[in-house]
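To start, the structure under review is shown below, and the notes come after it.
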Amino acid sequence: MSHLVEQIAELTAFRDRDALDFSLATALQDLLRPQAVLVHRLVGEPGAQHWLLRARVGGDEDEPAADSLWAELDSLPALQAMPHHAHCLQGGRIVALEGADGTPALTLFALAAEHEALGVLELRSERPLAADAQRLVCAVLRIYRNFQGLLDYSERDTLTGLLNRKTFDECFARAVRHPRADPGRAVAPEPRRVVRDTRACLGLVDVDHFKRVNDSLGHLIGDEVLLLLSRLMRSTFRYHDRLFRFGGEEFVVLMRCGSVADARSALERLREAVERHVFPRIGHITISVGLTLLRPDDTPSAAFERADKAVYFAKHNGRNQLCDHDALVAGGLLADETRASDVELF
């Protein structure tokens, strides 16, 4: 019993979701001693979903492993390429499969948040887990789910469900860091896990004339606009792009792209999608967007300041447009006065 309590304490000691998945796999490996424990997450939009390996402990690998968070979506196994996992996830039930021809038996458990199915926990062993071991896993998963809910409450905006501002700094550090050098997370060696060389960019999105919406129609309609905008953002960007609501009508996108032109295209798709969308009680709205390439020695405030200046330029030159800070500076339309560091001496 004391060992179980220790594992639960270890599981809930992390505030990082990646570490939490590894902690879950490690805890079950220590408690049940299966051949391997794997945590799979479903990523991508409905109709084009794929499996991302978030954690693998045990098995043929000497060290814990995981897919890179920046893996190309098409390089990951499609939903139906792992039919037993898909059945487990969709049915929400335990799936036990006997091993054959030297392959291990599998016991699969659905991972779910409060309102959605997230992925599948896979345990490999000589034979499927016995009923008492299954009950133990289910109990640990309830704790895991409750802790995920606490993380969501502290890290996500309550209206839109996007990440909130206080999570930005940590996500920023990961975005600046090269995706092949993600400390503490080994990238799975399978060739299907493709990670292309990319550049990190920050986009700042601001709703044009949003104060008019609140003043004329009320905050409930304003909140509906923000909620619908967040949904458009989710459908526009990729699974590994990080979307934030900074408060009010300001949203931030952290992404890695092959080039700044790719980032510009993605943000332009969002601008066009918002312009076309018909919002209830309002009709059409527009957004102004600022873009900046992240620099090796960047800080969150310096990058945000550059993007904010680009948005300011867009709003004072017609609105409903995307402005690239670096292009504005190169064209002599904007001075680059951002600080290289958050540190100020007094």
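Worth a mention:
- Order of ASP132, ASP157 - criterion: other Cβ atoms within 10 Å of each residue's Cβ, fewest first: ASP132, ASP157
- Cross-link partners of LYS211 among lysines, defined as those whose alpha carbon lies under 23 angstrom from its own and excluding same-chain residues fewer than eight positions apart: LYS309, LYS315.
- Put in order of Cβ neighbour count within 10 Å, fewest first, the listed residues LEU204, LEU254 become LEU254, LEU204.
- Size of segment 220-285 from its Cα atoms: along the principal axes, largest to smallest, the extents are 39, 23, 17 Å.
- TYR153, TYR239 arranged by Cβ crowding within 10 Å, fewest neighbours leading: TYR153, TYR239
- Cα centroid separation, segment 241-304 to segment 114-170 (Å): 29 Å
- Over all pairs of different C-alpha atoms, segment 227-346 has a mean inverse distance whose reciprocal, the Kirkwood radius, equals 15.3 Å.
Laboratory data are not the source of any read-out in this text; all were calculated from the coordinates shown. All values reported here derive from a predicted model rather than from experimental measurement. So basically every Cβ, Gly included, is an ideal-geometry build from the backbone, and we count neighbours across all protein chains shown.
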